[in-house]
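Asks: The structure that follows is given in the form of structure tokens.
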Amino acid sequence: MNIDFDAHPGFSTYVLLLMFSGLVMLALATPAVKGATIGSRVLNGIAGAGFFGYGFYLAFIFGGGTYLIVFKAFILPVVLIARTIRSIATYRPPAPVAPVTYAPPTYGPPPGYGPPATYGPPPSYGPPPSYGPPPTYGPPPSYAGPQTNAGPAVPPAAGGYPPPPAPVYGRPQPAPEGPQP
């Protein structure tokens, strides 16, 4: 480990400042910091990783030799940290949006539905008086009963059925020959 305040206090301070500023910038790059834009988070993350990585290299891997201490490199972390703190201070969370609720309109029952005005059976049963056969139906007043043009009675054929009636239209058909089933 190359951090030794007794032998090299300037180098040790420089290495610790590099690592500290890198860690602060990495912390400001996290989404937990509200109000920082995506661009500033990316810039803080890249610069923070670079500063912390270089400080880690100098503290633990560097084997000696020449190195250059540039304190002007600390201007970038100071500017980035100041910008992030300013954006945090001016950050206003978005106004909460009221949930949209939709209450459907209430309609009453359609006319003719619902409980009847009075309970019990209807006033009369059966069809209304306008139903039934019209008065012109039925036998005429001078009806004397069925009239027959019957001649002699036809005896039933063998098998118990009467013979078929004579055709009314067309030519007369010959009678079937032979015994009928």
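The values are calculated or read from the model by the stated rules, or taken from the named source; none is laboratory data. Given the structure is predicted, the values throughout are model-derived calculations rather than measurements. Methodologically, a virtual Cβ is constructed for each residue, glycine included, from the backbone with ideal geometry; neighbour enumeration extends over all protein chains shown. These accessible areas exclude ligands, DNA and RNA; they are computed on the full protein's heavy atoms, side chains included. Shrake-Rupley method; radii C 1.70, N 1.55, O 1.52, S 1.80 Å.
Asks: With unit charges on the beta carbon (Lys/Arg positive, Asp/Glu negative), name the residue among Thr66, Phe20, Thr106 whose Cα is farthest towards the positive pole of the charge dipole of region 1-112.
Replies: Comparing the listed Cα positions along the dipole, Thr106 ranks first.
Asks: By per-residue mean of other Cβ atoms within 10 Å, what is the highest-first order of 3-13, 38-48?
Replies: In descending order of packing, they fall as 38-48, 3-13.
Asks: To continue, here is another question. State whether region 1-78 is rounded, prolate or oblate according to the following rule on the C-alpha gyration tensor (a ≥ b ≥ c being the square roots of its eigenvalues): a/c under 1.5 gives rounded; otherwise a/b larger than b/c gives prolate, and the remaining case gives oblate.
Replies: prolate
Asks: Let me ask something else about it. Per-residue counts of other Cβ atoms within 10 Å, averaged by peptide: what ranking do you get for 62-69, 26-33, highest first?
Replies: Top to bottom by mean Cβ count within 10 Å: 26-33, 62-69.
Asks: Shifting gears a bit: Quick one: with all protein chains in place, what share of the accessible area of region 8-88 is carbon or sulfur, to the nearest percent (1.4 Å probe)?
Replies: Answer for region 8-88: carbon and sulfur cover 78 percent of the accessible area.
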